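Inspection log for the structure reproduced underneath, given as structure tokens.
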Amino acid sequence: MRARGWALVTALLVVAILFPLYWAVIASFTPDSRLFASPSLVPRALVLDHYRALFGGRDFWTPVRNSLVVAGATTVLSVGLGGICAYALARLRFRGKAPVLAFVLAVSMFPQMSIVSPLYLLLRELRLLNTYPGLVLPYLTFAMPLTIWLLVGFFRQLPPELEEAGLMDGAGRLRTLWEIVLPLSWPGLATSAILTFLYSWNEFLFALSFTLGPERYTVPVAITLFRGQYQVPWGQILAAAVVATVPVAAIVLVAERRIVAGLTSGAVKG
Amino acid sequence: MRARGWALVTALLVVAILFPLYWAVIASFTPDSRLFASPSLVPRALVLDHYRALFGGRDFWTPVRNSLVVAGATTVLSVGLGGICAYALARLRFRGKAPVLAFVLAVSMFPQMSIVSPLYLLLRELRLLNTYPGLVLPYLTFAMPLTIWLLVGFFRQLPPELEEAGLMDGAGRLRTLWEIVLPLSWPGLATSAILTFLYSWNEFLFALSFTLGPERYTVPVAITLFRGQYQVPWGQILAAAVVATVPVAAIVLVAERRIVAGLTSGAVKG
Amino acid sequence: MAAIALKRVSKVYPTGQTAVRDLTLEIVNGELLVLLGPSGSGKSTVLRLIAGLETPTSGQVLIDGRDVTLVPPPRRDLAMVFQSYALYPHKSVRENLAFGLRVRGVDAARVDARVRETATALDIEALLERRPAQLSGGQRQRVALGRAIVREPKAFLFDEPLSNLDPTLRAGTRTELALLHRRLATTMVYVTHDQEEAMTLGTRVAVMRAGAIEQVAPALEVFRRPANTFVARFIGSPAMNLWACTCARVGDGRHLVSPAFSIDLTGIDVAVPDGAGVYVGVRPHDIDIVPNGEGNGAGGVEIVEPLGPVTVVHLRVGGLGDDFVRVVVPADSRIEVGDRVTFRVRPDRLHVFDARTGQRVIDQHGR
Amino acid sequence: MAAIALKRVSKVYPTGQTAVRDLTLEIVNGELLVLLGPSGSGKSTVLRLIAGLETPTSGQVLIDGRDVTLVPPPRRDLAMVFQSYALYPHKSVRENLAFGLRVRGVDAARVDARVRETATALDIEALLERRPAQLSGGQRQRVALGRAIVREPKAFLFDEPLSNLDPTLRAGTRTELALLHRRLATTMVYVTHDQEEAMTLGTRVAVMRAGAIEQVAPALEVFRRPANTFVARFIGSPAMNLWACTCARVGDGRHLVSPAFSIDLTGIDVAVPDGAGVYVGVRPHDIDIVPNGEGNGAGGVEIVEPLGPVTVVHLRVGGLGDDFVRVVVPADSRIEVGDRVTFRVRPDRLHVFDARTGQRVIDQHGR
């Protein structure tokens, strides 16, 4: 009884959380004419109008490509550099390690809003406005500290004996890192990568501030600018949102199982 | 040598990450006239002009109060409800737990951008536009899944024997939760609370979309709207950013030590 | 003080794993019953069923004749000492001890008196203001014990309480537990996988395997008359020798014959039909090294393990395959690896088990 | 094959904690040296210093006479079996075994042959395609052993390899390790806190305390002639009785006198001046229960611990405070809790230690 009650509550919560998304997907397939009619849970007719408009009428491929480039580069750099840094922090013994970690995490928590302006000035100075690096660098500033913090925790959970076993087996530091540490760190690396990717994929404020024209707009900026002076094309906005959401959500759902399994089950115990 | 090399790299990285913030703080005390003169690391004269303008000329207290209310309510509700839910999920044994958790995390990862529109419609329907609940509810949708996911992982690390010891000592479920589980969960709860607070404190998109007038604007929205038609008051924007940043950053830095200590050192082992 | 009974209790986990199967056990008021078994034998589950931390899939748990199967742990008034100690890390030692009393609404002065009394008895007064993290392993063990004692519960449940201690500390603590049981005369249920601990502490020992009890008896009885080959192998160190034999008529007398040797059963009352397959067990202490010609068999010395007062010799005997014949000899016998020796089994110390069922078949052997 | 030597090695951690202090130790080619000590005695640190996983703060580590103090672990060609086994969880058993060979660039066919050979020797052929998570504790232990053996290293380092096994498995695995050492005749360094393991396995035993070696000697020597009170107490089970006494002239003879009893030293060569304070040690096996009037002392039976073949009796003796006199008696003696018995110390089995330094002072006692 008790367990069932809790399961029910959990199920309800999940449904509640998922409901807006469900609505968005359905609405994106609904003709504009019926969009603001009585809402119904099960749609009566699905049309592809909005999607056609999105890729036919507007050039929605460009923002998608921009987003992919920026988010991809940010992810690779953040996990790559941050991973090395985190491994060093996790394995090195030095005084003041705890404050350094605290500091690093605090940095990733600073309100993004508050450094839009100085970053704008800095990027203008460096002639990086409206370029890919002009977005990737600011994103790294925010994503890398979180990555480092997450991975330090993860690397610490890896039993050092596994690396020591590698060393005793005759493998050098690099080989041990490559053959022992990396395969075992995959859940941690994947989690960091996904979080970073999603952060950069969805980031809005920097993207709006540091891009100057449609040739560099990312998806969230592009969607925002759909709104005309007098008319808001809701159907197209929703369709664009779905296009921006579904692939990422799919990746997460597929990767999730292994991530959750890896991060929570202490699977590392030999 | 090696350790020193790494420490140096870490130090450089931290400095690099912190630099934009440092610049923002300095600039907020610099008169407009010199703001775009040659930048210097050590400021020549500090003035409070921008801060005076902020609280004298504009009513910056209102957005600060709005942000506090919204972020505070979101945090309390998210950690409270999410905590109970996470505790149930961590302790209950039922089939399909892993997928439920995966789903929950995936939800918190959905691009916010993509449900602005349907949420707008929903909130209009519910007459919640331009109200506090109209911001708190959407924030909960995003914050709670992450909170649940974080706390499930945390509660799982708590050795169940501690609760069993409480039960054997004669304490009921509730008393055990209150006297044993909660005090031990403080690092996890604090981390979730801080992350949630920061998310809602800095959130921009929903705040911009679901508030209609200055009486409900939150800090990020208010800062954005400082920009006039022809002139951008950089100094005031930076001052506002500092006001929005410093208190939160201070809390994080103070709380950090205990959080990092709690989350990473396995301090729970009795 | 409490009598505890389990009646046909089974515990099947949702995964389908059966931890305890149809187990019936009566624990007498005031006794110290040891649940002994290898890991995975279900002994801890039995303890947790008694504690109420697990609910049986079927069957009943009774305390003092009252059915408590569905009574939650806080209302069973039992105390448990966990293997990990499970001290509350955020509470001082004093608060750890006091918690169980406070929860029961005992007034502050009385709580204080009881805590002080218990701390004195366990010699942990000096630690009262410390946190568990500041204690050594032995001190934590004492605090865990104190937390159980302070409440004067109906019965104590111990889940391998010594397994996290150094061997040196372990012997001393074992002695203290024995004294504690004598002083309190409270029912205790004690889980361990260490047969020596079980033998020395237990009023009775219940040997478990795969969720069932193989034998319950006083410690020495389990050692002297193991009910089956599992118990025979599990109890006693070094482990009992067990050989597959047949009972055969050789000339006038009856013999237990194996590929490796033959034991004359003349004058020994063995209720085994001729030709029956049996397992014959002999403890290493009950085999002597004898001069050539006087023994039942012979073998080459492969390993010599000095234990101090005695030495264990492992003999490789033809026909036994990889199984050694283990013999305990006095420490001053000059037996070396590579020697060939003759051994003699004391015929009055045989344990005979049915080859098919593994159950004990003869009952001589008096010691 | 390798001789290993530590020369005045110290290890101080950055926290200021001294794990090993000025330790010198020579490990002979082909021997199995056991490092024995309580937790925190630095025995594992010594092993890690040999392995190269720790670098000494001062002193030298030599392998076959070559200074390897600063040589990293991969180039020392030693194999280590970790307490946690530390199997690579993402590799199959086969890959776990093969890794050390692959890393060294051994060609695939040879790797395969060696892996097969090792797996056969350890009886783990059937497990080759499994992952460590799918193995039982005993199987993991074998794989860890296999990973060490397969490479044919110069020497083996064992860090409490049996401590995670059930007692039943432990005895069998101990025997296998002894055979393995005989078969390979390779140098082995073995860390344990279990004195029985140390005694039965070790060619020599080094007893450690607080980062220093208290005694290095063959196992039986450590048992029979412990160098000081620490070793005396640590080796042997049940632990040796140790009493503070004075050496006094009583009538004609010399006596060791304590508040509880007096031992006549007539005919025994004790090089202790009259009036000197000493600790007298007697193993529980070297005390007999005798009829009234024939003993050195008497006491009340407090605890009776049956071990099976023998029984340990704890006597409360006036003047000894909380210390019991432990006596080993045959299992068939009918001694019960509450009895009052007289005991007699075998005077030729005394261990005498200086009361101030704790060092052994007399050297009779032949057995």
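Computed quantities for the displayed model
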read-out: Residue under evaluation D:Arg130, criteria (1) within 24 Å of D:Leu32 (Cα to Cα); (2) more than 14 Å from chain C (Cβ to nearest Cβ); (3) of a type in the set (Lys, Arg), criterion not met; value: (1)
read-out: Qualifying residue in the range A:145-163 (condition: more than 30 Å from D:Ser92 (Cβ to Cβ) and away from every other protein chain (no Cβ under 11 Å)); value: yes
read-out: Any hit, the range D:192-206, residues being in contact with a strand residue (DSSP E or B) (Cβ under 9 Å, 6 or more places away or on another chain), surrounded by fewer than 23 Cβ atoms within 10 Å (Cβ to Cβ), under 24 Å from D:Thr18 (Cβ atoms) and not polar (S, T, N, Q); value: yes
read-out: Among residues of the range D:278-308, those that are within 23 Å of C:Ile235 (Cα to Cα) and either in contact with a Lys or Arg (Cβ under 7 Å, 6 or more places away or on another chain) or among the β-branched types (Val, Ile, Thr) (or both), counted; value: 3
read-out: When residues of the range C:7-20 are limited to those that are of a type in the set (A, V, I, L, M) and surrounded by 21 or more Cβ atoms within 10 Å (Cβ to Cβ), the one nearest to the other protein chains (Cβ to nearest Cβ); value: C:Ala19
read-out: Subset tally (residues that are surrounded by fewer than 18 Cβ atoms within 10 Å (Cβ to Cβ), under 22 Å from A:Phe197 (Cβ atoms) and at pLDDT below 90) for the range A:95-147; value: 0
read-out: Residues satisfying the stated conditions in the range D:78-94, i.e. at pLDDT below 95 and either of a type in the set (D, E, K, R) or not assigned by the TED database to the domain that holds D:Gly30 (or both); value: D:Lys91
read-out: Filtered residues of the range B:183-220 (kept if facing another protein chain (nearest Cβ under 10 Å) and under 18 Å from B:Pro159 (Cβ atoms)); value: B:Pro183, B:Leu184, B:Trp186
read-out: Residue in the range C:250-257 that is farther than 20 Å from D:Thr168 by Cβ and touching a residue at least 60 places away in the same chain (Cβ under 8 Å) present; value: yes
read-out: Some residue of the range D:173-191 being among the small types (Gly, Ala, Ser) and at pLDDT 90 or above; value: yes
read-out: Selection count where residues are at pLDDT below 75, of a type outside the set (S, T, N, Q) and in a helix (DSSP H, G or I), scope the range A:24-58; value: 4
read-out: Qualifying residue in the range C:228-240 (condition: charged (D, E, K, R) and buried (at least 20 other Cβ atoms within 10 Å of the Cβ)); value: no
read-out: Meets criteria (within 14 Å of chain A (Cβ to nearest Cβ) and under 25 Å from D:Glu214 (Cα atoms)) for D:Leu47; value: yes
read-out: Residue that is farthest from A:Leu140 (Cα to Cα), among those in the range A:59-75 that are of a type outside the set (A, V, I, L, M) and at pLDDT 90 or above; value: A:Thr62
read-out: The range A:64-92 residues that are within 16 Å of A:Phe206 (Cα to Cα), paired with ones that are among the basic types (Lys, Arg) (beta carbon under 8 Å, 6 or more apart); value: A:Asn66/A:Arg216
read-out: Extreme residue, surrounded by the fewest Cβ atoms within 10 Å (Cβ to Cβ), among residues of the range D:21-41 that are within 14 Å of chain C (Cβ to nearest Cβ) and in a loop (DSSP other than H, G, I, E, B); value: D:Ser39
read-out: Helices (runs of 4 or more DSSP H) wholly inside the range A:145-239 that include at least 2 residues being among the aromatic types (Phe, Trp, Tyr) and in contact with a Phe, Trp or Tyr (Cβ under 8 Å, 6 or more places away or on another chain); value: A:205-210
read-out: Identity of the residue in the range D:179-212, of a type in the set (Lys, Arg) and under 26 Å from C:Val328 (Cα atoms), that ends up farthest from the other protein chains (Cβ to nearest Cβ); value: D:Arg204
read-out: 2 or more residues within 30 Å of D:Ala232 (Cβ to Cβ): qualifying strands (runs of 3 or more DSSP E) within the range C:300-367; value: C:310-316, C:324-330
read-out: Strands (runs of 3 or more DSSP E) fully within the range C:180-279 counting 2 or more residues that are of a type in the set (Ser, Thr, Tyr); value: C:187-192
read-out: Only listed residue being within 13 Å of chain A (Cβ to nearest Cβ) and surrounded by fewer than 16 Cβ atoms within 10 Å (Cβ to Cβ), chosen from D:Gly105, D:Gly52, D:Gly65; value: D:Gly105
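Conditions (1) crowded, with 21+ Cβ neighbours inside 10 Å; (2) closer than 19 Å to B:Leu150 by Cα, marked per residue:
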{"site": "B:Leu177", "(1), (2)": "no, yes"}
{"site": "B:Pro183", "(1), (2)": "no, yes"}
{"site": "B:Ser192", "(1), (2)": "yes, yes"}
{"site": "B:Leu225", "(1), (2)": "no, no"}
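The values are calculated or read from the model by the stated rules, or taken from the named source; none is laboratory data. The structure presented is a predicted model; accordingly, all values stated were derived computationally and were not measured. Note that each Cβ is placed from the backbone with ideal geometry, even for glycine, and that neighbours are counted across all protein chains shown.
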